[in-house]
Amino acid sequence: MTRREVLSGFIPRSDFRGFLATRPHAILIEIIGTQGSTPRETGTFMLVSDDAIWGTIGGGQFEYMAIRNARELLAGSGGLETMDIPLGPEIGQCCGGRTQLRFRKVTGGVVSELEKKRSGETEQQSEVYLFGAGHVGRALAAALAPLPLLVTLVETRKEELANLPAEARTRLVPMPEALVEEIPSGAAVVILTHDHALDFLIAREALARTDLAYTGMIGSATKRATFSSWLLREGSGEKNWMDRLTLPIGGSTVRDKRPEVIAAMTAAEILTALAAHHRLSSAS
C-alpha cells in the first residue's frame, strides 16, 4: 500500500458519529502515553476505516505508520495492538519525543467511551458569542466552526439565522444587550450588528463585566472614538473600559476588509485571548 493510498479519504469536518454511521468497520487509534516533545497530547484519538480517516494524532510519518497498522488490523493481515514510536530521525521526524498508541476495533462499547469523552470535552470548551449574523458574523461563525469552541450567534432578525454552520447555536432576541449578563465567565464576545447604536449598548454591558476573556467590536478608529465619547456622555465606563475593548477587530497587520479575512484575523485574536485568560485563571 502506497503512502497516498494510506492517507486517502481524510474527512476533516464531520462528527465521529457520522463517520461511523457510514463506516462501522473501523479502528480507533488512541495516544495512551507521551514523553518529551510530541505533536499531540495523551488522549487524542482518530478513526481509520479501509477507505477514510477521521481526526488526526499529529500527521507526518508517525501518523502514516499508525494508519497503515490500523488497516492491516482491519484486513486481518497483521498489525499490532500497541505501538511505541520514537519521533526522531529514524522515521524522518524531529520532535524528539516518543508516543505510545493503542489500536482497537470499534464496537458499541468503544462508541460509548468516545461519546462520554466528547461530552466531557464539550463541557470544558470556551464559549464565543457573536452578536450579529451579517457578512462578517457569518464568516466568523464559519471560521470558528472547526475549532473546539461553543459558538452562539445572537440576532434580532430571524431571517439572518438561516443557513449558518451546523455547529453554531443561535439566539433570536429583541434586546441583545440584555443577554450579556447570561454569558458565562471567561467567554469571548464579538459585536458585529447592523446598527451602531445597538453595538454600543451591547459593548457597554460587556465592558461592565471584568470576567470576559475578550470583547471585540467591528468598526474603525473613528467608531472607537465615537463609542468612547458616547460612554462619557452616558456617564458609563471606568477609566480602563476602552483598554479592554478590541476595536477594530482583526488588527491592522493585514489591510484586507473582505469578511473572510477579517474573520480569520479575529479568530486568531479570540483564541489568543481565551488562552491568556485560561492561563491567568489557572494561576490564580
Residues of the stretch 1-34 satisfying the condition of being surrounded by 18 or more Cβ atoms within 10 Å (Cβ to Cβ), outside any loop (DSSP other than H, G, I, E, B) and at pLDDT 85 or above: ILE27, LEU28, ILE29, GLU30, ILE31, THR34
Looking at the stretch 35-58, is at least one residue surrounded by fewer than 18 Cβ atoms within 10 Å (Cβ to Cβ) and not in a loop (DSSP other than H, G, I, E, B)? yes
On the given criteria, is GLY186 at positive phi, modelled with pLDDT of 90 or more and surrounded by 14 or more Cβ atoms within 10 Å (Cβ to Cβ)? yes
Kindly state which strands (runs of 3 or more DSSP E) lie completely within the stretch 79-133 and contain at least 2 residues that are at pLDDT 90 or above and under 22 Å from MET65 (Cα atoms). 82-86, 98-105
Hey, could you check the stretch 134-167 for residues that are more than 16 Å from the chain's Cα centre (by Cα) and of a type in the set (Lys, Arg) and say which is farthest from LEU198 (Cα to Cα)? LYS158
For the stretch 142-160, does any single residue satisfy the condition of being surrounded by 20 or more Cβ atoms within 10 Å (Cβ to Cβ) and among the acidic types (Asp, Glu)? yes
Hey, among the residues in the stretch 209-248 that are outside any loop (DSSP other than H, G, I, E, B) and of a type in the set (D, E, K, R), which one's farthest from SER185 (Cα to Cα)? ARG233
Please go through the stretch 249-284 and pick out each residue that is among the small types (Gly, Ala, Ser) and assigned to a helix (DSSP H, G or I). ALA263, ALA264, ALA267, ALA268, ALA273, ALA275, ALA276, SER281, SER282, ALA283
Quick one: in the stretch 168-208, of everything that is assigned to a helix (DSSP H, G or I) and over 17 Å from LEU231 (Cβ atoms), which residue is farthest from the chain's Cα centre (by Cα)? ALA178
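The values are calculated or read from the model by the stated rules, or taken from the named source; none is laboratory data. Bear in mind the structure is a predicted one, so any value in this text is a computation, not a measurement. Here the Cβ is made from the backbone with ideal geometry for all residues, glycine too, and neighbour counts use every protein chain on show.
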